[in-house]
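Participant: One structure is given below, represented as structure tokens, and several questions about it will come after.
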Amino acid sequence: MKNIYLLLSLLLVSSLLLGQSPGKMNPGRLARIDAWMEQAIVEKQLNGAVAIVHRNNQLVYHKAFGLMDVTSQHAMPKDAIFRIASQTKAITATAIMLLYEEGKLLLDDPIEKYLPSFANPRVITKFSLKDTTFTTEPAKRSVRIRDLLTHTSGIGYAQIGSDTAKALYAKYGLVGGIGVVNPRIRLVDQIETLGKVPLLHHPGARWTYGLNIDVLGRLVEVLSGMNLDAFLQKRLFRPLGMKDTHFYQPEANWSRIVPLHSNPSQGEIMKLPLETPMLGGLYTAYPHFQGTYYSGGAGLSSTAWDYAQFLQMLLNDGVLHGKRILARSSVRLMRTNQIGEIDFEMAGQAANQKVGFGFIINTEKAAGQSPVSVGTYYGGGAFYSIYWIDPKEKITGQLMINMLPMSQVDVLEKFKVAVYQAIED
């Protein structure tokens, strides 16, 4: 036993003499992130960003770059607040798993058990884009909570989905969730209507990105007896110290909300006015409102630091700072392939990936396409923010950007490369 301790001690001393710390990152090589980000700003790929990386529960990188606002020339602060869009999905999926642990639901429960308007679902067989008429047939089975967590329910996206989905949901007055500032549009009404709309395909038949997690946000409200915002604040944000994460930011935080910028052809970067429509008619101003529509699929805004606390909790199998938020078994389910052999196809994502509960999963087949490890689970937002959790390397990383559109997105992959090339051990 003494020999083993001696050997371990010698290895530790040797690594320190070589300038390496076990499980750490090389500061000099991490500095390459600075150069790449500054180059992207000079080349007008983006106005500004905040990057943050943790490894082995240690903060190894946290910097802000460029301008928060190209009009005022205000520098980007590290505590800038970004619209995180679909990064909201992982948080709402976590809320579902909290209720699952409490016995409030089972993953294979039909959603109609809790939201009756989803009973007796039908599936579109023919649809006319010309006049939005359609024919249907009975669904082969009910939509299950598991289908909603994995986007295999047959529900699509209003305003940003396929042509059929956009036309179908417009016919019923449904919106995409994010950017709802009309107080007459309520989540309870929208989800009740959605339950009566035909599905785009049979539940479990294929993967279709859609309003699934917004349905689950409403489910959280029904099962918890509080609105989604209140539930997340009580059960996740306050316990994790995520003080700047909200659906609608307090007025005291408005000065830190990053304006959306645009760079459609890699020319001059433009700041989008708050009243600018986006994504099929939604408005960029929504974090500044004091609204009541809580979109579980896309509505949150947050800081890089706040969201990193959420990521660290998941990396640690549900624990942060000695406080258990989620069971280890629940985290395992979330990061496991839950769609089997169903193909996952999404613009901007590598082929051969799979889907867990709220996350995309990096598989063995996809391992040659990115430096992240097999089993890494990740996601991002419509405004070009990205994040990932790598259990093998014990890394969480994210790059917060707020642009729509962004002409070149290679900066996102270069950021990942820069993180992994800095690993010492």
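The values are calculated or read from the model by the stated rules, or taken from the named source; none is laboratory data. What you are looking at is a predicted structure, and each value in this text was computed from that prediction instead of being measured. Every residue, glycine as well, gets a Cβ built from its backbone with ideal geometry; the counts of neighbours run over all protein chains shown.
Participant: Might you let me know whether the stretch 130-147 holds any residue that is under 28 Å from residue 274 (Cβ atoms) and either part of a loop (DSSP other than H, G, I, E, B) or touching a residue at least 40 places away in the same chain (Cβ under 8 Å) (or both)? If you could, list the steps in order and put the result at the bottom.
Facilitator: Taking the stretch 130-147 and keeping what is under 28 Å from residue 274 (Cβ atoms), we get none.
Looking for residues that are under 28 Å from residue 274 (Cβ atoms) and either part of a loop (DSSP other than H, G, I, E, B) or touching a residue at least 40 places away in the same chain (Cβ under 8 Å) (or both), one finds none in the stretch 130-147, hence no.
Participant: Now for a different question. Which of the numbered conditions does residue 421 fail, given that it passes all the others? Conditions: (1) in contact (Cβ under 8 Å) with a residue 24 or more places away in the chain; (2) among the polar types (S, T, N, Q); (3) buried (at least 19 other Cβ atoms within 10 Å of the Cβ); (4) farther than 27 Å from residue 162 by Cβ.
Facilitator: Only one criterion is unmet by residue 421, namely (3).
Participant: Let me confirm something: among 343, 317, which residue is in a loop (DSSP other than H, G, I, E, B), in contact with a Lys or Arg (Cβ under 9 Å, 6 or more places away or on another chain) and on the phi > 0 side of the Ramachandran plot? First the steps, then the outcome.
Facilitator: Values: 343 fails: on the phi > 0 side of the Ramachandran plot.
Only one candidate qualifies: 317.
Participant: A further question on this structure: Report every pair of residues separated by at least 6 positions or lying on different chains whose Cβ atoms are under 8 Å apart, first residue within the stretch 103-129 and more than 11 Å from residue 148 (Cβ to Cβ), second assigned to a loop (DSSP other than H, G, I, E, B) and of a type in the set (Val, Ile, Thr).
Facilitator: 112/143; 121/143; 127/133
Participant: A further question on this structure: Check 354, 365 and return the single one that is among the charged types (D, E, K, R), free of Cβ contacts under 8 Å to residues at least 60 places away in the same chain and buried (at least 21 other Cβ atoms within 10 Å of the Cβ).
Facilitator: Working: 365 fails: buried (at least 21 other Cβ atoms within 10 Å of the Cβ).
The match here is 354.
Participant: Then there is this: Being surrounded by 19 or more Cβ atoms within 10 Å (Cβ to Cβ), among the basic types (Lys, Arg) and either closer than 28 Å to residue 34 by Cα or touching a helix residue (DSSP H, G or I) at 6+ places or on another chain (Cβ under 9 Å) (or both): is that true of residue 392 here?
Facilitator: Values: surrounded by 19 or more Cβ atoms within 10 Å (Cβ to Cβ): no; among the basic types (Lys, Arg): yes; either closer than 28 Å to residue 34 by Cα or touching a helix residue (DSSP H, G or I) at 6+ places or on another chain (Cβ under 9 Å) (or both): yes.
Criteria not met by residue 392.
Participant: Can you work out which of the residues in the stretch 395-411 that are farther than 16 Å from residue 82 by Cα and at pLDDT below 95 is surrounded by the fewest Cβ atoms within 10 Å (Cβ to Cβ)? Can you show your working first?
Facilitator: The first filter runs over the stretch 395-411 and keeps only residues farther than 16 Å from residue 82 by Cα, leaving 395-396, 407-411.
Still in the running and at pLDDT below 95: 407-411.
Working: 407: 15, 408: 13, 409: 16, 410: 11, 411: 21.
My answer is 410.
Participant: Could you tell me which numbered condition residue 207 fails, if it satisfies all but one of (1) touching a strand residue (DSSP E or B) at 6+ places or on another chain (Cβ under 9 Å); (2) over 21 Å from residue 149 (Cα atoms); (3) assigned to a loop (DSSP other than H, G, I, E, B)?
Facilitator: (2)
Participant: Also, quick follow-up: Would you please name the residue that is farthest from residue 137 (Cα to Cα), looking only at residues in the stretch 172-212 that are of a type in the set (Val, Ile, Thr) and modelled with pLDDT of 90 or more? Break it down stepwise before answering.
Facilitator: So in the stretch 172-212, the residues of a type in the set (Val, Ile, Thr) come out as 175, 178, 180-181, 185, 188, 191, 193, 197, 208.
Now drop any that are not modelled with pLDDT of 90 or more, which leaves 175, 188, 191, 193, 197, 208.
Working: 175: 25, 188: 26, 191: 21, 193: 19, 197: 12, 208: 19 Å.
Among residues in the stretch 172-212 that are of a type in the set (Val, Ile, Thr) and modelled with pLDDT of 90 or more, the one farthest from residue 137 (Cα to Cα) is 188.
Participant: Quick check: is even one residue across the stretch 304-311 assigned to a loop (DSSP other than H, G, I, E, B) and either among the hydrophobic types (A, V, I, L, M, F, W, C) or modelled with pLDDT under 90 (or both)?
Facilitator: First, pick out the residues of the stretch 304-311 that are assigned to a loop (DSSP other than H, G, I, E, B): none.
No, every residue in the stretch 304-311 fails to be assigned to a loop (DSSP other than H, G, I, E, B) and either among the hydrophobic types (A, V, I, L, M, F, W, C) or modelled with pLDDT under 90 (or both).
Participant: In the stretch 367-405, how many residues are aliphatic (A, V, I, L, M) and over 20 Å from residue 300 (Cβ atoms)?
Facilitator: Pass one, the stretch 367-405, residues aliphatic (A, V, I, L, M): 367, 372, 374, 382, 386, 389, 395, 399-401, 403-404.
Filter once more, so that each one left must be over 20 Å from residue 300 (Cβ atoms): 367, 372, 374, 395.
The total comes to 4.
Participant: Examine the stretch 148-166 for a residue that is of a type in the set (A, V, I, L, M, F, W, C), closer than 24 Å to residue 242 by Cβ, outside any loop (DSSP other than H, G, I, E, B) and in contact with a Gly (Cβ under 8 Å, 6 or more places away or on another chain), and state whether such a residue exists.
Facilitator: Scanning the stretch 148-166, I find at least one residue that is of a type in the set (A, V, I, L, M, F, W, C), closer than 24 Å to residue 242 by Cβ, outside any loop (DSSP other than H, G, I, E, B) and in contact with a Gly (Cβ under 8 Å, 6 or more places away or on another chain), so the answer is yes.
Participant: Do we have residue 235 as in contact (Cβ under 8 Å) with a residue 24 or more places away in the chain, surrounded by 18 or more Cβ atoms within 10 Å (Cβ to Cβ) and assigned by TED's automatic domain parsing to the domain that holds residue 82 here? Don't jump to the end; show me each part of the working.
Facilitator: On the way: in contact (Cβ under 8 Å) with a residue 24 or more places away in the chain: yes; surrounded by 18 or more Cβ atoms within 10 Å (Cβ to Cβ): yes; assigned by TED's automatic domain parsing to the domain that holds residue 82: yes.
When the stated conditions are applied, residue 235 passes them.
Participant: For the stretch 1-116, give me every one of the helices (runs of 4 or more DSSP H) that falls completely inside it and has 3 or more residues that are out of contact with any Phe, Trp or Tyr (no Cβ under 6 Å at 6 or more places or on another chain) and at pLDDT below 95.
Facilitator: Values: elements: 2-17, 27-30, 32-42, 88-101.
Qualifying helices (runs of 4 or more DSSP H): 2-17, 32-42.
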